[in-house]
1. Those residues that are in contact (Cβ under 8 Å) with a residue 60 or more places away in the chain and either assigned to a helix (DSSP H, G or I) or out of contact with any strand residue (DSSP E or B) (no Cβ under 8 Å at 6 or more places or on another chain) (or both), I need them from region 175-186; list them, please.
2. What pairs come out if I take residues in region 249-268 that are on the phi > 0 side of the Ramachandran plot and pair them with residues that are outside any helix (DSSP H, G or I) and not acidic (Asp, Glu) whose C-beta lies under 7 Å away, six or more apart or interchain?
3. So how many residues does region 270-282 have that are crowded, with 16+ Cβ neighbours inside 10 Å and in contact (Cβ under 8 Å) with a residue 24 or more places away in the chain?
4. Could you tell me which of the residues Phe140, Phe97, Phe172 is of a type in the set (Phe, Trp, Tyr) and within 30 Å of Asn204 (Cα to Cα)?
5. Within region 114-131, track down each residue that is closer than 27 Å to Thr38 by Cα, among the hydroxyl-bearing types (Ser, Thr, Tyr) and out of contact with any helix residue (DSSP H, G or I) (no Cβ under 6 Å at 6 or more places or on another chain).
6. Could you please find all residues in region 136-172 being out of contact with any strand residue (DSSP E or B) (no Cβ under 6 Å at 6 or more places or on another chain) and over 30 Å from Glu103 (Cβ atoms)?
7. Could you say whether any residue in region 191-203 is under 18 Å from Lys115 (Cα atoms), touching a residue at least 40 places away in the same chain (Cβ under 8 Å), of a type in the set (Gly, Ala, Ser) and outside any loop (DSSP other than H, G, I, E, B)?
8. Being charged (D, E, K, R) and touching a Gly at 6+ places or on another chain (Cβ under 9 Å) is the filter here, so list the residues in region 250-275 that pass it.
Amino acid sequence: MLLQFLFTVASVFSMASSHSFLVRSSEVTDFNISAAITWAHAVNNRSYLESCLASEDLKMIEADIVLGTLTTSQNSTVIPIMGHPPANTSDLSLEHFLSMVKEHNSNSFYAKGVKLDFKTIEVFEASLSILQSKWSEIDFPVWINADIVPGPVNATTIPVDPTRFFEGCALFDDAVLSIGWTTNFGGSIKKGTYTKGHIQSMLNVIEENKPTQKITFPVRAGIAAESLGNMQLLLQSVANSSLTIWSSEGDPVNVEHLKTLIMTIGLGSVYIDVPKDLFDQLGLYFGSSKTSPRLPPLPYILGLMIICFINLAVI
């Protein structure tokens, strides 16, 4: 009888392990520490996406969306594709990107969330019908990102129209809104800060549009590192918000100042999406970098155990 019981328990977990249980959520919850979540950046082509999906170490996939054409098709129709300006061709459309992530997550313990970075209001609005058609089957975290306010250092890039952006995002109430500033940094520009004016401009558009979703603020590492007080002001002004710290390769960053920012804000309120060399310099350690698979829900396990015990009783 003992052997039968042990076999029953083993059977339950064997059946449970054949399923992936990542539900759509406004939070990535496999870690208690936001800063420990691992990222892949600019995943804008099929081969890179495939390698990221195959990785057990990655949790979140960041990708850029522009309007353009597919290199894999003779069709010259302009559609939302994965790419970073000035690129306007890709071997991967937004629609196929989402389908590949969904298929992977349905068949793997190591499910991924995505951050979709929309470069213009035009590509965002062209993507709404695609997102709507996929939304009912998306059961993984989705962050919708855009730079909606002009930022440092005297950035000249045209921001995504905030009113139209928030109107579109209202269709997806369980997404995370990742809303940031345009920036002009790196190269000959080695110093900059997020000023109180930048913070107030962001707070103004939030107040005007009143989004209901959770918010994270993507901030450029080299600039945010010199803006501790204003970063604190920002998070204090928006309930349950967080920072997502990002950096381009070669950006000048004061590592000690950045680490001070991260530790002051708190590891539970900061996501870190920076190049590996910069991350390593920060000296943050969270134990194993491998993403832990999510366990099946307790009701599911109990249901399987009941079935197994009924089978034993019959035997």
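The values are calculated or read from the model by the stated rules, or taken from the named source; none is laboratory data. Values in this document were obtained by computation on a predicted structure and should not be read as measured data. Heads up, the Cβs are rebuilt from the backbone with ideal geometry, glycines too, and the neighbour counts pull from every protein chain shown.
1. Gly186
2. Gly250/Gly186
3. Residues in region 270-282 being crowded, with 16+ Cβ neighbours inside 10 Å and in contact (Cβ under 8 Å) with a residue 24 or more places away in the chain: 8 in total.
4. Among Phe140, Phe97, Phe172, only Phe172 is of a type in the set (Phe, Trp, Tyr) and within 30 Å of Asn204 (Cα to Cα).
5. The one that is closer than 27 Å to Thr38 by Cα, among the hydroxyl-bearing types (Ser, Thr, Tyr) and out of contact with any helix residue (DSSP H, G or I) (no Cβ under 6 Å at 6 or more places or on another chain): Thr120.
6. Within region 136-172, Pro150, Pro152, Asn154, Ala155, Thr156, Thr157, Ile158, Asp161, Thr163, Arg164, Phe166, Glu167 qualify.
7. No, every residue in region 191-203 fails to be under 18 Å from Lys115 (Cα atoms), touching a residue at least 40 places away in the same chain (Cβ under 8 Å), of a type in the set (Gly, Ala, Ser) and outside any loop (DSSP other than H, G, I, E, B).
8. Those that are charged (D, E, K, R) and touching a Gly at 6+ places or on another chain (Cβ under 9 Å): Asp251, Lys259.
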